[in-house]
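A short reminder: the numbers here are calculations on the coordinates, not readings from a lab. Remember, it's a predicted structure, so these values are computed and weren't measured experimentally. Reconstructed Cβ throughout: ideal geometry from the backbone, glycine too, with neighbour counts over all protein chains shown.
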Amino acid sequence: MVYFINDIITGALIGLLYALVAMGFVVIYRASKVFNFAQGELVIIGGFIVWFTTMQLGLSLWLSIPLSLVLAGLVGYAIERIFLTKLIGESVFSMVMVTVGLLILLRGLVLLLFGPAVRPFPIIFPLKPLFLGDMLIPMNLLAGGIITIVAAVGLSWFFNRTRSGLRMTAVAEDHVVASSMGISVKGSIAFAWVLGAILSTIGAMIFLSGKSLTFLASDIGFAALPVALFAGLESIGGLILAGVIIGVVQSLTTNYLDPMIGGSLGSVVPYIIMLAILLIRPTGLFGWRTIERV
Amino acid sequence: MDPSGIFPTSYRTDRRVVRTRWQAIALAVFMGLLLAAPYLASGRIIAVLNMMLISAVIAVGLQICTGYAGQINLGQAAFMGVGAYTASILASKTGMSFLLTIPLAGFAAALFGFLFGLTAARIKGFYLALTTIAAQFLFHFAVLNLPSSWMGGSNGITVPPAELFGFRIVGETSQFYMNLAVATIMIAGAFGIIRSRFGRAFVAVRDDDVAAGIMGINVAATKANAFLIGAFYAGVGGALWAYLIRFVGVDQFTLFNSIFFIAMIIVGGMGSIVGALVGVFVIRVIQEVIATVGPNIADSVSFLGGDIVFAGMNVILGGVIAGSMILEPKGLMHRWNILKSSFRIWPFPY
């Protein structure tokens, strides 16, 4: 029974980590109407920035973490300036295709710059797990869960209550309408990518803390995709619930169902949930219901 | 636009594929050169041509699905994989002839694609693309986790050579003719599909699905059909691939391969069958150059090892996708058409 509860808690915390990475998707979508397929690559770039500033430059964590976040923001801004600014006014289809191109472009760049070698990642959160009776909870996931909830509440407030957040919401509704109302589509998209890159870097710190870093870690981007769709692409607060549900289901499948069938069903279960949710309720749990006009 | 003096007088002539005598001659010369290629070119080039022909079948399918019907499809490699696995299982277990396994591979892939296309009844826009990513993951899961006596698991399946009336189709040259025959049939079929009622429905749905629905087109069925046809082409291409490589493994059909096919149709031009062929040519040549040059560079920067080919390919193809979307979203075919019509109307601007 203790193990069962422990699995649920760990699963929920992993789900919150997925939610944090998924927040990158949602923030970019919420402020630019572009679905960013290259989210996993942003995580890995964030990971390499953190590795570079701590392991290569030898800075202390207190210095390297803020520096990494600034650098990640710059990378996000650069991507936006190089690839997406020029596409404002073109169809959303072309922007989405550009992110598909970015997916393999960034993957290749990371491989060219850093190579396929496995690297130790700095220990950002204590390695020693937290003991609660017989249960043990990894510290990085616990800290990550708290960060996710704080970030979700904060960003949710920002996008729904503040003036600049609502401006970006208008951009997500319609680029042309937004710009004709005097809202800067360019500024909104730039902000979205900076924020998306920063969130991905935080995700990388939690995910990789004390583990090893290779370019394969970008798979977390696709693991987080079902969470973003389950919550509905426009809802930041909903990510917490969606993340917890998917994390718990995945953890229980991995620990109890997989030994029975002798396969790794746990890794596909989020996708099965995603397909089901797309069929039953395409807008996700908390997504917007849009009305289409011709 | 057509040259001076050539104008359609009926709908039939307006929809012709070969519009002028020069185009007919060019087509005949092109096909003649392809038929004679094994006698003109070396084995290396025939090997590349084989890859191009197979890619052409798959890219044309993707062109119908994405370029004509406007449905982003990130699972083309998975559909190809379904075809490849179907063909190799049928060929190795039942000893069926390739004349049967290739169409059956197409149908199996079409069924798989259709299942994901069916979600179009509920989902619109790029959400549909996300279900094709799920297709990619589910395909990998199925192959790796089903009992390995079914689909070979992570070991893959060895494919027996194709055989016709006791003649074994092995070696680059005879495979080239097999691929050329299948590719010609498939591409001719694609021209037929896009000029038919279905093709017009695809274009209408791509341009505006709400408006298309109001005009009486069954939008969900059209989208599902687009996936069905696209996946059928992928399945046939996958079967050809299985016979060419004589081995199928799950690593040959990843999301990256799907993106390579997308790169082909973007470079060539969305919404043009010839564009897809041009794209296949350009991307395959780029891949070939990287595969040749890569190892030499790898010797000088040794820390990368063999991954430089894969990395370089990704950087260049990713750059090509993003670059084409930014600089020439309509593709090389559009550029060529502009050039052609400005040549025809010269010296007038329009």
Practice item. Report, ordered by chain and residue number, the aspartates and glutamates lying within cross-link reach of B:Lys223, taken as a straight Cα distance under 19 Å and ignoring same-chain residues fewer than 8 apart. Key: A:Glu292, B:Asp207, B:Asp208, B:Asp209
Study note, to complete from the structure: Counting only DSSP beta bridges fully inside the protein assembly as shown, the antiparallel percentage to nearest 5 is 90
Point to revise | Amide H contacts under 5 Å for A:Leu213, placed H, 5+ residues apart | key: A:Arg119, A:Phe121
Check your understanding: Which of B:Gly269, B:Gly171, B:Gly216 moves most in a GNM of chain B, Cα contacts under 10 Å?
Key -> B:Gly216
**Study point:** In Hz, Karplus ³J(HN,Hα) per residue of segment A:209-220 (6.51, -1.76, 1.60; θ = phi - 60°; x = Gly, Pro)
**Key:** 3, x, 9, 9, 10, 9, 5, 6, 5, 5, 4, 4
Point to revise | Förster radius 22 Å - calculated FRET efficiency between A:Leu216 and A:Tyr77 (Cβ-Cβ, nearest 0.05) | key: 0.25
Point to revise | For A:Leu130, distant residues with modelled amide H under 5 Å away | key: A:Ile137, A:Met139
**Study point:** For residues of A:107-116, the mean tally of beta carbons on other chains within 10 Å
**Key:** 6
Point to revise | Zone residues, segment B:266-289, relative to B:Arg195, backbone N less than 17 Å from point 7 Å out along Cα-to-Cβ | key: B:272-275
Review point. When ranked by the protection proxy of mean other Cβ atoms within 10 Å per residue, highest first, what sequence do the peptides A:195-201, A:61-67, A:147-153 form?
Key: A:195-201, A:147-153, A:61-67
Point to revise | Cα→Cβ-extended label distance, 7 Å offset, between B:Asn218 and B:Thr20, nm | key: 4.2
Point to revise | segment A:217-251-segment A:66-115 distance, computed between alpha-carbon centres (Å) | key: 22
Practice item. Provide a whole-number value for the mean count of partner chain Cβ atoms within 10 Å of the Cβ atoms in peptide B:22-35. Key: 0
Check your understanding: Per-residue ellipticity at 222 nm for chain B, helices alone: DSSP H runs ≥ 4 residues times -39500 (n - 2.57), over residue total, nearest 500 deg cm²/dmol?
Key -> -23500 deg cm²/dmol
Exercise for review: Straight distance only, please: which lysines reach the Cα of A:Lys128 with their own Cα at less than 23 Å, same-chain residues fewer than 8 apart left out?
Suggested key: A:Lys211
**Study point:** Cβ-placed point charges (K, R +1; D, E -1), dipole of chain A about Cα centre in debye, nearest 20
**Key:** 580
Check your understanding: What is the magnitude of the charge dipole of segment B:40-345 about its Cα centre, with +1 placed on the Cβ of each Lys and Arg, -1 on the Cβ of each Asp and Glu, and no other charges, expressed in debye to the nearest 20?
Key -> 740
Review point. Across the residues of A:266-272, average count of Cβ atoms on other protein chains within 10 Å?
Key: 4
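Hydropathy first: keep DSSP H helices in chain B averaging at least 1.0 on Kyte-Doolittle, then drop any whose Cα extent along the axis falls short of 30 Å, and list what survives.
Numbers: long enough: B:172-195 (34 Å, 0.97); B:219-245 (38 Å, 1.32); B:273-300 (41 Å, 1.47).
Span-like helices here: B:219-245, B:273-300.
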Review point. Hey, which aspartates and glutamates would be in cross-link range of A:Lys186, C-alpha to C-alpha under 18 Å, not counting anything within fewer than 8 residues on its own chain?
Key: A:Glu80, A:Glu90, A:Glu173, A:Asp174
Check your understanding: Looking at the square roots a ≥ b ≥ c of the eigenvalues of the Cα gyration tensor of segment B:40-345, which shape do they give, rounded for a/c under 1.5, prolate if a/b is larger than b/c, or oblate?
Key -> rounded
**Study point:** Cα-based helix-to-principal-axis angle, A:139-161 vs chain A, degrees rounded to 10
**Key:** 20
Check your understanding: Say the dipole of the protein assembly as shown comes from +1 at the beta carbon of Lys and Arg and -1 at that of Asp and Glu; which of B:Asn73, B:Ile316, A:Ser60 then lies farthest toward its positive end?
Key -> B:Asn73
Point to revise | Karplus 3J(HN,Hα) series, Hz, for segment A:173-183 with 6.51 cos²θ - 1.76 cosθ + 1.60 (x for Gly, Pro) | key: 5, 6, 4, 5, 4, 4, 6, 6, 9, x, 9
Review point. Residues with amide H under 5 Å of B:Ile169's amide H, sequence separation 5 or more or different chain, H placed in the peptide plane at 1.01 Å from N; which?
Key: B:Ala162, B:Glu163, B:Leu164
Practice item. Report the extension gain between B:Thr94 and B:Leu144 in nm, rounded to one decimal, defined as 0.36 nm multiplied by the number of residues separating them, less their alpha carbon distance. Key: 15.8 nm
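Given axes a ≥ b ≥ c from the Cα gyration tensor, I'd like to know whether chain A is rounded (a/c under 1.5), prolate (a/b larger than b/c) or oblate. Write out the running numbers ahead of the final one.
Numbers: a/c = 1.73, a/b = 1.25, b/c = 1.38.
Verdict is oblate for chain A.
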